[in-house]
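Written below as C-alpha coordinates is the structure these notes are about.
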Amino acid sequence: MAQSSIEWTEMTWNPTTGCDKISDGCKFCYAEIMSKRLQAMGIEKYKDNFEVRTHEESLNIPYTWKNSKVVFVNSMSDLFHKNVPLEFIKKVFKVMNENPQHVFQVLTKRSERLLELHSEFKWTHNIWMGVSVENNKVISRIEDLRWGFR
Ligand code: SF4
(Lines give C-alpha, C1' and ligand atoms only; values in the text may rest on other atoms or scores of the structure.)
Protein backbone atom coordinates (compact mmCIF):
# COMPACT_ATOMS: atom_id res chain seq x y z
CA MET A 1 0.00 0.00 0.00
CA ALA A 2 1.28 3.48 -0.79
CA GLN A 3 0.20 7.06 -1.27
CA SER A 4 -0.53 7.47 -4.94
CA SER A 5 0.41 10.24 -7.36
CA ILE A 6 -2.45 9.14 -9.64
CA GLU A 7 -4.89 12.03 -9.62
CA TRP A 8 -8.11 9.97 -9.40
CA THR A 9 -7.14 7.94 -6.37
CA GLU A 10 -5.57 8.33 -2.92
CA MET A 11 -3.86 5.04 -2.26
CA THR A 12 -2.74 1.97 -4.10
CA TRP A 13 -3.16 -1.55 -2.72
CA ASN A 14 -1.49 -4.47 -4.48
CA PRO A 15 -2.62 -7.88 -3.25
CA THR A 16 -1.33 -9.24 -6.56
CA THR A 17 1.66 -8.16 -8.61
CA GLY A 18 2.80 -8.93 -12.12
CA CYS A 19 1.05 -9.20 -15.45
CA ASP A 20 1.73 -9.56 -19.15
CA LYS A 21 0.76 -7.55 -22.17
CA ILE A 22 -2.63 -8.11 -23.70
CA SER A 23 -3.33 -5.12 -25.99
CA ASP A 24 -2.00 -1.83 -27.38
CA GLY A 25 -2.64 -0.04 -24.11
CA CYS A 26 0.04 -2.17 -22.48
CA LYS A 27 2.80 -0.81 -24.68
CA PHE A 28 4.20 1.60 -22.10
CA CYS A 29 3.09 -0.33 -19.03
CA TYR A 30 3.95 1.63 -15.88
CA ALA A 31 3.65 -1.48 -13.71
CA GLU A 32 6.22 -3.38 -15.74
CA ILE A 33 8.75 -0.53 -15.51
CA MET A 34 8.14 -0.08 -11.79
CA SER A 35 8.40 -3.82 -11.09
CA LYS A 36 11.83 -3.89 -12.65
CA ARG A 37 12.92 -0.93 -10.53
CA LEU A 38 11.52 -2.40 -7.33
CA GLN A 39 13.18 -5.73 -8.06
CA ALA A 40 16.51 -3.94 -8.55
CA MET A 41 15.97 -2.22 -5.19
CA GLY A 42 15.62 -5.64 -3.56
CA ILE A 43 11.93 -5.27 -2.59
CA GLU A 44 10.80 -8.79 -1.67
CA LYS A 45 7.36 -8.46 -3.21
CA TYR A 46 8.93 -7.85 -6.62
CA LYS A 47 11.68 -10.47 -6.48
CA ASP A 48 10.05 -12.27 -9.41
CA ASN A 49 9.85 -9.00 -11.33
CA PHE A 50 6.68 -8.97 -13.47
CA GLU A 51 5.58 -12.59 -12.99
CA VAL A 52 2.03 -12.84 -11.65
CA ARG A 53 2.14 -13.39 -7.89
CA THR A 54 -0.45 -13.31 -5.13
CA HIS A 55 0.39 -11.80 -1.74
CA GLU A 56 -1.61 -13.19 1.19
CA GLU A 57 0.29 -10.87 3.54
CA SER A 58 -1.15 -7.81 1.76
CA LEU A 59 -4.76 -8.82 2.30
CA ASN A 60 -5.03 -7.34 5.79
CA ILE A 61 -3.71 -3.88 4.84
CA PRO A 62 -7.09 -2.14 4.26
CA TYR A 63 -8.19 -3.15 7.79
CA THR A 64 -5.34 -1.07 9.21
CA TRP A 65 -6.25 2.29 7.63
CA LYS A 66 -7.75 4.63 10.20
CA ASN A 67 -9.66 6.95 7.86
CA SER A 68 -11.71 6.10 4.83
CA LYS A 69 -9.69 5.97 1.63
CA VAL A 70 -10.16 5.87 -2.11
CA VAL A 71 -8.01 2.97 -3.18
CA PHE A 72 -6.77 1.83 -6.57
CA VAL A 73 -6.61 -1.96 -6.38
CA ASN A 74 -3.68 -3.53 -8.22
CA SER A 75 -1.83 -0.66 -9.80
CA MET A 76 0.95 -3.22 -10.37
CA SER A 77 -1.12 -6.00 -11.87
CA ASP A 78 -4.52 -6.97 -13.29
CA LEU A 79 -6.81 -8.67 -10.77
CA PHE A 80 -8.52 -10.67 -13.52
CA HIS A 81 -5.34 -12.03 -15.09
CA LYS A 82 -5.79 -15.75 -15.83
CA ASN A 83 -2.96 -16.65 -13.45
CA VAL A 84 -4.69 -15.11 -10.44
CA PRO A 85 -6.70 -17.99 -8.96
CA LEU A 86 -10.43 -17.47 -8.46
CA GLU A 87 -10.01 -18.33 -4.78
CA PHE A 88 -7.57 -15.48 -4.37
CA ILE A 89 -9.80 -12.99 -6.18
CA LYS A 90 -12.56 -14.03 -3.77
CA LYS A 91 -10.27 -13.19 -0.87
CA VAL A 92 -9.65 -9.74 -2.33
CA PHE A 93 -13.41 -9.22 -2.65
CA LYS A 94 -13.94 -10.37 0.92
CA VAL A 95 -11.54 -7.66 2.09
CA MET A 96 -13.38 -5.04 0.00
CA ASN A 97 -16.76 -6.26 1.27
CA GLU A 98 -15.61 -6.07 4.88
CA ASN A 99 -14.29 -2.53 4.51
CA PRO A 100 -17.27 -0.45 3.36
CA GLN A 101 -15.62 2.70 4.71
CA HIS A 102 -13.17 2.58 1.79
CA VAL A 103 -13.87 2.93 -1.93
CA PHE A 104 -12.02 0.34 -4.01
CA GLN A 105 -11.36 1.15 -7.66
CA VAL A 106 -10.70 -1.95 -9.75
CA LEU A 107 -9.64 -1.59 -13.38
CA THR A 108 -9.07 -4.46 -15.76
CA LYS A 109 -8.20 -5.17 -19.35
CA ARG A 110 -9.33 -8.79 -18.84
CA SER A 111 -13.03 -8.05 -19.24
CA GLU A 112 -13.83 -11.54 -20.54
CA ARG A 113 -12.68 -13.10 -17.31
CA LEU A 114 -14.50 -10.42 -15.34
CA LEU A 115 -17.70 -11.31 -17.20
CA GLU A 116 -17.11 -15.02 -16.72
CA LEU A 117 -16.52 -14.73 -12.97
CA HIS A 118 -18.54 -11.72 -11.86
CA SER A 119 -21.36 -13.74 -10.29
CA GLU A 120 -18.86 -15.35 -7.92
CA PHE A 121 -18.41 -12.09 -6.02
CA LYS A 122 -20.43 -9.84 -3.75
CA TRP A 123 -20.57 -6.40 -5.35
CA THR A 124 -20.90 -4.04 -2.42
CA HIS A 125 -21.47 -0.35 -3.15
CA ASN A 126 -17.86 0.53 -2.33
CA ILE A 127 -16.44 -1.41 -5.29
CA TRP A 128 -16.06 0.67 -8.43
CA MET A 129 -15.41 -1.68 -11.31
CA GLY A 130 -14.06 -0.37 -14.62
CA VAL A 131 -12.40 -1.52 -17.80
CA SER A 132 -9.54 0.16 -19.67
CA VAL A 133 -10.38 0.94 -23.28
CA GLU A 134 -7.48 2.45 -25.18
CA ASN A 135 -8.91 2.21 -28.71
CA ASN A 136 -11.74 0.81 -30.81
CA LYS A 137 -10.14 -2.61 -31.08
CA VAL A 138 -11.00 -3.34 -27.47
CA ILE A 139 -14.34 -1.57 -27.23
CA SER A 140 -15.99 -4.92 -26.48
CA ARG A 141 -14.63 -4.55 -22.94
CA ILE A 142 -17.37 -2.02 -22.30
CA GLU A 143 -19.98 -4.53 -23.45
CA ASP A 144 -18.48 -7.16 -21.16
CA LEU A 145 -18.74 -4.75 -18.26
CA ARG A 146 -22.34 -3.87 -19.16
CA TRP A 147 -23.36 -7.51 -19.50
CA GLY A 148 -21.84 -8.33 -16.18
CA PHE A 149 -23.81 -5.62 -14.37
CA ARG A 150 -27.18 -5.65 -16.12
S1 SF4 B 1 -2.89 -5.13 -18.34
FE2 SF4 B 1 -2.13 -3.34 -17.24
S3 SF4 B 1 -0.59 -4.15 -15.83
FE4 SF4 B 1 -0.96 -5.71 -17.36
S5 SF4 B 1 0.63 -5.37 -18.93
FE6 SF4 B 1 -1.23 -4.27 -19.55
S7 SF4 B 1 -0.98 -2.18 -18.78
FE8 SF4 B 1 0.47 -3.51 -17.68
### Query
Within region 71-93, can one find any residue that is more than 24 Å from residue 43 (Cα to Cα), in contact with a Pro (Cβ under 9 Å, 6 or more places away or on another chain) and of a type in the set (Asp, Glu)?
no
### Query
Within the bounds of region 58-71, is there any residue that is over 23 Å from residue 120 (Cα atoms), at pLDDT 95 or above and in contact with a Leu (Cβ under 9 Å, 6 or more places away or on another chain)?
no
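Take residue 10 and tell me if it is away from the ligand (no atom under 14 Å from the Cβ) and modelled with pLDDT under 95.
Values: away from the ligand (no atom under 14 Å from the Cβ): yes; modelled with pLDDT under 95: yes.
Answer is yes for this residue.
Conditions tested, residue by residue: (1) over 17 Å from the mean Cα position of the chain (by Cα); (2) among the charged types (D, E, K, R); (3) within 18 Å of residue 128 (Cα to Cα); (4) modelled with pLDDT under 95.
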site: 29; (1), (2), (3), (4): no, no, no, no
site: 32; (1), (2), (3), (4): no, yes, no, no
site: 36; (1), (2), (3), (4): yes, yes, no, no
site: 42; (1), (2), (3), (4): yes, no, no, no
site: 50; (1), (2), (3), (4): no, no, no, no
site: 84; (1), (2), (3), (4): no, no, no, no
site: 92; (1), (2), (3), (4): no, no, yes, no
site: 97; (1), (2), (3), (4): no, no, yes, no
### Query
Hey, does region 90-108 have a residue that's among the polar types (S, T, N, Q) and in contact with an Asp or Glu (Cβ under 6 Å, 6 or more places away or on another chain)?
yes
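The values are calculated or read from the model by the stated rules, or taken from the named source; none is laboratory data. Note that the structure is a prediction, hence the values are computed from the model and not measured. Note that each Cβ is placed from the backbone with ideal geometry, even for glycine, and that neighbours are counted across all protein chains shown.
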